[in-house]
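The values are calculated or read from the model by the stated rules, or taken from the named source; none is laboratory data. Please read all numbers here as calculations on a predicted model, not as lab measurements. All Cβ positions, glycine included, derive from the backbone under ideal geometry; neighbour counts span all protein chains shown.
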Amino acid sequence: MKSNLNQSTIWLTVSFTFLSCCFGSGLLSIPSIAVKMGIVPFVLMNVFATLFCAFCFKQIIEHQDKRKCQEKTLTSLISRYYGKVWLIFVDLSIIFCLLPISYIAVSADYFRNFLIEIFDVTVMNNNGWVVGMKFITCLCVMFPLTFIKTIKVLNYVASLSLVFVMVSVIYVIVRFIQWKSTGLLNNVIHPAPSPAIWPASSAMIPDVLTYITMFFSLYSMHASLVCIMHEYATDFQVPVQVVKTQIQRAVFWVALPVAFVVYTGYGLLGVFMFDQTCTQEQIGCIKANPNILLTFTGDTAAVVIELLFSIVVFVSFPCMLYPIRKSVLTFTKLNGENFWIYNSVGFGITVLCLLIAVFLDDVSQIQSFSANLMGIILYGVSGVMLWYKINEKVQGDAEEMGLVEDNSVQGEREVQKTEQPKWRTYVFWTSIVLLVMLNLAAIGCQVYTWVR
C-alpha cells in the first residue's frame, strides 16, 4: 500500500517535531548560563555539542537506513550489535534524561510569581512558600492529570509548550530592544554591562564544567530519530530512501541549524543585557535569573506569559511522564494494565521529580543534573558505538532478506563479526573514555558546587 502523504514535504512536518524535542523549559535558562560562563566557553561548548550531535545523528540515520527502518527504538538498534545488556544502560539513560523535573520548578515559580505580582501576595516570597508551591502544583495539579491513560488530547495541548517557549524568547528580545532604546530595565536605569568573555573568576570554573553534558542535551533528537524513521517507513509506507532523505533534510538543514542559532543568539543576548557580577556600589546592576522571565519584575505581560506557560506545563507533565512510566513498567515487568500498579509507578516517578526540584531550585542546575545522570550514553556514547559497527551486518538483516515481518525474532540474530582496523578500535575506545570522563567531570563539579 502506497502512502498518501506528500513525500516531498515530510521534512517540514518532521522539522517541527525535532524542534519540539530541542526546545523546552531549559531554553529559559540559557541567558543565565551564558552570562555565568562568558562568551568564549559558551560558544565553544555549543559549537562542539552541535557538531558532535550532528555526527551522532548521521550514524543513527545510516544504521536505521541499513536496517530498512525496522528498528522501533534506539535501544533495540544499539542492542542489535552489542547485546541485550545495553538495553538496561540505554533505557536508564533515556529515563533519566526525560525526567520532567524542570516542569515542576518552572510551573511553581511562575504561578507563585503570578500571585505576587497580580494579587500582591508578598508572603509567597518566603522560602517556605517557594518549596510549598512546588508540592501544591505537583501533587494537587500535575499528578492527578497522570491518571489519564490516553495522551492524544494531552499531546495536542502539550504541543503549545513550544509556542510559549518561542513567545518567551520573542518577549525577551522585545525587552532587549526597549532597553537599548530607553536605557530602562525594570523601571531603573540599567547601564550596558561589559560583555562577559570568560567566567568572572577561577572559582567559577567548576560551575562552567557542570554544563558540559547539558549542551549535548540541547539537541536531544537521538531517541526520536529511530522512532520517527520507523513510523514513516512502516506505518505510512513511505519508501526507506525517501524517509532517509527527508529526515536528513529535516535534521541537517532545519532543526540543527535553527536550534543552534536560537540557543547561541539567546545566550549572547543575555551576555550583552545582564551583568555577570554586581557590587553594592554599582547602580542599576541587574543579573539574569536562571529562569529568564522572572528577571523582569513588575511587568504584566511577563506575568501573563508565565501564567499561560505554567498551565501548558501542567498538561505537558503527564505527556513527559508517559514514556518514562512505560519504560519503567517494561523494565520491571510489572502489569501496566493494573490501575494501582500503573498509577503507583507514576506517583513514584512524580515524587522523585518533586524531591529533586525541591533540592535544586535553579532551572539551569536541574537541566545539567538531568543530563549528567548517564546522559552521555544517550547523547554521545550511542553515536560512537554505532560508528564503530557501521561495517558490520546482522545475519538475516533487512538488506539480505527484505523487510522483516516478525520483529520479535530480530533480537535473536547474531552479528557477523568484522575485524576492525586498529586505528578504528583505538579511536573508538579513546572516544568512549573521553566522553565518560567528561560526564564524570561534569557530575563531580556539580556535586562540588553544592557542598563548597
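So the values come out like this:
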read-out	value
Positions within region 50-73 being under 21 Å from the mean Cα position of the chain (by Cα) and modelled with pLDDT of 90 or more, in sequence order	Thr50, Leu51, Phe52, Cys53, Ala54, Phe55, Cys56, Phe57, Lys58, Gln59, Ile60, Ile61
Unique match (being of a type in the set (A, V, I, L, M, F, W, C) and either in contact with a Pro (Cβ under 7 Å, 6 or more places away or on another chain) or under 25 Å from Thr210 (Cβ atoms) (or both)) among Phe114, Phe89, Phe135, Phe119	Phe89
Residue satisfying all of: in region 34-49; more than 18 Å from the chain's Cα centre (by Cα) and part of a helix (DSSP H, G or I); nearest to Ile205 (Cα to Cα) among these	Met37
Given (1) closer than 28 Å to Ser168 by Cβ; (2) touching a strand residue (DSSP E or B) at 6+ places or on another chain (Cβ under 9 Å), index of the condition Asn372 fails	(2)
Residues that are surrounded by fewer than 17 Cβ atoms within 10 Å (Cβ to Cβ) and either touching a helix residue (DSSP H, G or I) at 6+ places or on another chain (Cβ under 7 Å) or among the acidic types (Asp, Glu) (or both), drawn from region 117-129	Ile118, Asp120, Val121, Thr122, Val123, Asn125
Selection count where residues are surrounded by fewer than 20 Cβ atoms within 10 Å (Cβ to Cβ) and in contact (Cβ under 8 Å) with a residue 12 or more places away in the chain, scope region 181-193	7
Gln276 polar (S, T, N, Q) and either modelled with pLDDT of 85 or more or closer than 30 Å to Gly346 by Cβ (or both)	yes
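Yes/no matrix, rows are residues, columns are (1) at pLDDT 90 or above; (2) assigned to a helix (DSSP H, G or I); (3) surrounded by 23 or more Cβ atoms within 10 Å (Cβ to Cβ):
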{"site": "Ser316", "(1), (2), (3)": "no, yes, yes"}
{"site": "Pro323", "(1), (2), (3)": "no, yes, no"}
{"site": "Ser344", "(1), (2), (3)": "yes, yes, no"}
{"site": "Val351", "(1), (2), (3)": "yes, yes, no"}
{"site": "Asp361", "(1), (2), (3)": "no, no, no"}
{"site": "Leu378", "(1), (2), (3)": "yes, yes, yes"}
{"site": "Leu386", "(1), (2), (3)": "yes, yes, yes"}
